Amino acid sequence: MMADNAIKAPNDSYRYRPVLFFALAYLFTWIFWLPAIFVSENLGAGFMMIGLIAPAVVSTVFVLVSGSDALKQDLKNKIIGFYKVKWQNVLLAILVFAGIVAVSILLSLPFGQSLKQFSLTEDFSFTGVGIGSALITVTVASIIEEVGWKGYCEDSIGNYMNWFWESMIFGVLWSFWHFPLLFIKGTYQAGLMVNPVYVINFFVSGIPLGFIITWVYLASDRSILACMIFHLTVNFMQEKIAMTPETKCVETVVVTIAAAIIVLANKEMFFGTKHVGRLLDTLQVQKA
C-alpha cells in the first residue's frame, strides 16, 4: 500500500551542496571540452556534445543519491509537471525577448548596421558536423542544460539566499562554464575570437539573461519545462535572426535594462527570503 505523506525539508535532512555541484559540473564538462580543442572539428563536436550534457548528468546523480524522497519528487514535478507552467508568463517572456531583439536592431542602425538584420540566416553560426549537428546542439543546449541548471544547481544556491543574488552568482558561473568553447573549432564562441569585445560581450550577456530565465522559472513554480521552452526560443532567435556581433553588443545593454525592469516589477520574488532553507517544505511525496 502507498500512502501520501507530507515530507518537510527539516525531516528530510537534505543539505544542498552548490560548491561540490559546480566543481563536478565544470570537471565533467571541461574534461571533454579541453581535448576537443586539439582534435579534428568533427571529433571535437562529439566531445563538445558529451560535455554539454554533463551538468544534467551530475544534477540527476546528485538527486538520485541524495537519499531525499522530497528532492527526487521535486525533480520529477519540475520536469513533467505541466500543471506548474504558467503559459501566459512563458509567452510574455518570449514576447519580451523578441522585443529585445527588435529594439536592439533598431538601436544599432545609427551605428551603421542594417535593417536586413530582421531577416533569417540560412545557416547556424557554428559548424560542428553540419546542419544536423548544429540543430541538435541548439536543442540539447536548450533542453538538457536546463535539467542540469534547474534540476539541482540553481536551487542549491537559492536555498541559501534571495533569488537576486542567486541569479547574479549563477549568471557569472554559467557564463564562465562556456570558456573552453572559445578555443574549439567550429563553435559560435570560437567565431567571436576575431574581436575581444565580442568575447567580453558574450560572457557579460549571460548575467542579465540569467535574471530573465529565473523570472520564468519562479513564475511557473520552479518549472524546468517552462525554462526549456523559453531557452529553446531564445537560442533559435539568437541563431536564426541575422543580428551582427555589433548589434549583439547593443542587445546586451537592452537585455540588462529589461532584466532590471523585471526585477523591479517583481521585488518580492527576487528579494524575498521566505524560501530560504525551505524549498522542499510541505512537498507531497509517495512513500511506502
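Derivation of every value follows stated rules applied to the coordinates shown; laboratory data play no part. The model shown is predicted, which means the values in this text are computed figures rather than measured ones. Cβ placement follows ideal geometry from the backbone for every residue including glycine, while neighbour counts extend to all protein chains displayed.
Candidates Val255, Trp149, Gln189 compared by Cα position along the dipole of the chain: farthest toward the positive end lies Trp149, with charges placed on Cβ. With a Cα cut-off of under 15 Å and a minimum spacing of 8 residues unless on different chains, the lysine pairs in the chain number 14.
Relative to one another, the C-alpha centroids of the range 221-272 and the range 29-61 are positioned 25 Å apart. Of all trypsin sites (Lys or Arg not before Pro) in the range 189-281, which ones are in loop regions per DSSP and have a Cβ with at most 13 other Cβ atoms within 10 Å? Sites meeting the loop and neighbour criteria: Lys274, Arg278. With semi-axes defined as the square roots of five times the eigenvalues of the C-alpha gyration tensor, the equivalent ellipsoid of the chain measures 33, 23, 16 Å, largest first.
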